[in-house]
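The values are calculated or read from the model by the stated rules, or taken from the named source; none is laboratory data. On a predicted model such as this, the values are computed, not experimentally measured, just so you know. For neighbour counting, all protein chains shown are included, and Cβ atoms are generated from backbone atoms with ideal geometry for every residue, glycine included. Just so you know, the surface numbers come from the protein's heavy atoms only, side chains and all, with ligands and any DNA or RNA stripped out. Shrake-Rupley method; radii C 1.70, N 1.55, O 1.52, S 1.80 Å.
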Amino acid sequence: MADKNQEYPFAGSNGYPRSDQESGGLTAEELKRKKRIRLAIYVVAFIIFQVIVITAFSLTVMKVKTPKLRLANIQFQTLDTSTANSPSFDMSFTTQVRVKNTNFGPYKFDATTASFTYDGATVGQVIIPKGKAGLKSTKKINNVIVNLSSTQLANTANLGSELTAGTLTLSGTAKMTGKVELMLIMKKKKSINMNCTITIDVAAKNLRSLECK
């Protein structure tokens, strides 16, 4: 007579016993699926990181900014003025020309001419030699000699009034052309416009103010 307490193998839902090997196979598939998910997450995170790095690089290092051209440190050598009959002036001074480059690459600029005017009329010019401003630095050209004279002015009425008041206002302008070089392979043309206002104290024969844009 059969024993009522006889144990039978555990059967699956299909009525057949499930072996340990089959159970282990399902576990391996689950592990593989988790590994694939983890790998996909790593790939997506890496792509996002690369996009952030490239974007930051493009907005900082690869963005080309326009350098600045300025005058500074004006020192008068001679300054002669006259208000009698025909108002006039003659002067000579030295100045420092500055080319400020804020890019992550050198700025190579061509020689250019700076013009000095009074009341819209040219009273003198000076040549700014070609050169190079290094990356994130300022190129300083020292002791540039400037000679100015009012002999070419057609109308000196305003000049007489200004000299009598003890001041003389001049303008200095220039346009510089050049190229910014990035990563030794990329070159970007950049032009600089300089516009300086020079106010001179005639009585003291020195500089009152210098503003450049």
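Is it the case that E211 is part of a strand (DSSP E or B), open to solvent by 50 Å² or more (accessible area, probe 1.4 Å) and among the acidic types (D, E)? Against the criterion (part of a strand (DSSP E or B), open to solvent by 50 Å² or more (accessible area, probe 1.4 Å) and among the acidic types (D, E)), E211 qualifies. Each residue in region 144-170 was checked for being of a type outside the set (G, A, S) and touching a Phe, Trp or Tyr at 6+ places or on another chain (Cβ under 6 Å), and 3 pass. In region 98-117, the residues that are in the same structural domain as L168 (by the TED database) and open to solvent by 60 Å² or more (accessible area, probe 1.4 Å) form Cβ pairs under 6 Å with partners that are at pLDDT below 95 and not in a strand (DSSP E or B), at six or more places apart or across chains, as follows: F104/V61; F104/L135. Whether a residue is within 28 Å of T156 (Cα to Cα) and at pLDDT below 95 was assessed, and K187 does not pass this test.
Scanning region 189-208 for residues that are assigned to a strand (DSSP E or B) and open to solvent by 40 Å² or more (accessible area, probe 1.4 Å) yields K189, K190, S191, N193, N195, T197, N206, L207, R208.
Among what's in region 65-81 and is touching a residue at least 12 places away in the same chain (Cβ under 8 Å), open to solvent by 40 Å² or more (accessible area, probe 1.4 Å) and not in a loop (DSSP other than H, G, I, E, B), pick the residue that is nearest to K136 (Cα to Cα). For region 65-81, the residue satisfying everything is K68. Taken together, the residues in region 158-188 that are free of Cβ contacts under 8 Å to residues at least 60 places away in the same chain and either open to solvent by less than 70 Å² (accessible area, probe 1.4 Å) or not assigned by the TED database to the domain that holds P106 (or both) amount to 7. Selection of region 82-109 for residues being small (G, A, S) and either assigned to a strand (DSSP E or B) or at pLDDT 95 or above (or both) yields S82, S88, S92. Hey, does region 132-142 have a residue that's open to solvent by 80 Å² or more (accessible area, probe 1.4 Å), in the same structural domain as Q96 (by the TED database), in a strand (DSSP E or B) and modelled with pLDDT under 95? Checking region 132-142: not a single residue is open to solvent by 80 Å² or more (accessible area, probe 1.4 Å), in the same structural domain as Q96 (by the TED database), in a strand (DSSP E or B) and modelled with pLDDT under 95.
For L153, the conditions (1) in a strand (DSSP E or B); (2) out of contact with any Cys (no Cβ under 9 Å at 6 or more places or on another chain) are fulfilled apart from (1).
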